[in-house]
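Take a look at the structure set out below.
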Amino acid sequence: MFTIERQVVETLDISMESRFAAAYCIYDQAPWLRKSYASIYDVVGSILFCVSSQPWRGPERDNSAVLQCILDLPDPCQKVRIVRGDWREEAPQRNSALDAIRDMGFPYCFVVDGDEVYDTGQLEAMAHYAERDPGVSVWHMEWNTYWKSPYYRIEPREPFRPVVFASTERARFRKNRAAEGEGHAVIPSEVGICHQL
């Protein structure tokens, strides 16, 4: 169903921070992908890009630009892996990412989209917070949403609380970014939030 195109050459040291591998599930290029990637790089042990050959909605477009963008990202620690497949829906693509991250030996998948940017220190605090309660298999977060620019934030904060961390052994995506698993909890906003552009 999918193929791994780029492998890590040496085994990663799985410290507390690198027990989390990030998964981007994308089709075409998000304008904030470089900023998003830079904001998470130092916190996770691996970054998986699941790139579909087909969109979830709408007509097919040339997505070679997103593949080139990923290949051009700086990767001094060789964390990046690219998986290509033919996913017509979001949940199967996200589940393929969960499976790949589990097979790499990571207990947690950090669910991130190309238009989501984090404060690196807050993201690290969020990961530490989640890891303190291993009984929770699906962690949700709050986020600030911005309109077309980082200068226009929507107020009040949206009530939507998307999945941010999922157990690679005990969680599955059922529809879009909604996941099922044993125990759900929310990362307190004072610990950290996402900036969704």
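The values are calculated or read from the model by the stated rules, or taken from the named source; none is laboratory data. Since the model is a prediction, treat every value here as computed from it, not as a measurement. Here the Cβ is made from the backbone with ideal geometry for all residues, glycine too, and neighbour counts use every protein chain on show. We work out accessible area using only protein heavy atoms, side chains counted, and drop any ligands, DNA or RNA first. Shrake-Rupley method; radii C 1.70, N 1.55, O 1.52, S 1.80 Å.
Tabulated data
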{"read-out": "Flag for Ala23 being at pLDDT 95 or above and part of a strand (DSSP E or B)", "value": "yes"}
{"read-out": "Meets criteria (part of a loop (DSSP other than H, G, I, E, B) and either open to solvent by less than 60 Å² (accessible area, probe 1.4 Å) or not hydroxyl-bearing (Ser, Thr, Tyr) (or both)) for Cys69", "value": "no"}
{"read-out": "Residue count, the stretch 96-117 (criterion: under 12 Å from the mean Cα position of the chain (by Cα), over 15 Å from Tyr27 (Cα atoms) and assigned to a helix (DSSP H, G or I))", "value": "2"}
{"read-out": "Residue, surrounded by the most Cβ atoms within 10 Å (Cβ to Cβ), within the stretch 99-130, restricted to residues that are touching a Lys or Arg at 6+ places or on another chain (Cβ under 9 Å) and more than 21 Å from Val66 (Cα to Cα)", "value": "Cys109"}
{"read-out": "Filter result for the condition that a residue is open to solvent by 20 Å² or more (accessible area, probe 1.4 Å), at pLDDT below 95 and among the hydroxyl-bearing types (Ser, Thr, Tyr), over Ser64, Ser52", "value": "Ser64"}
{"read-out": "Condition met for Arg88 (part of a loop (DSSP other than H, G, I, E, B), open to solvent by 10 Å² or more (accessible area, probe 1.4 Å), in contact (Cβ under 8 Å) with a residue 24 or more places away in the chain and more than 20 Å from Leu197 (Cβ to Cβ))", "value": "yes"}
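A quick yes/no check of all residues on (1) free of Cβ contacts under 8 Å to residues at least 12 places away in the same chain; (2) among the β-branched types (Val, Ile, Thr); (3) assigned to a helix (DSSP H, G or I):
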{"residue": "Leu123", "(1), (2), (3)": "no, no, yes"}
{"residue": "Met126", "(1), (2), (3)": "no, no, yes"}
{"residue": "Tyr129", "(1), (2), (3)": "no, no, yes"}
{"residue": "Pro134", "(1), (2), (3)": "yes, no, no"}
{"residue": "Lys148", "(1), (2), (3)": "yes, no, no"}
{"residue": "Glu158", "(1), (2), (3)": "no, no, no"}
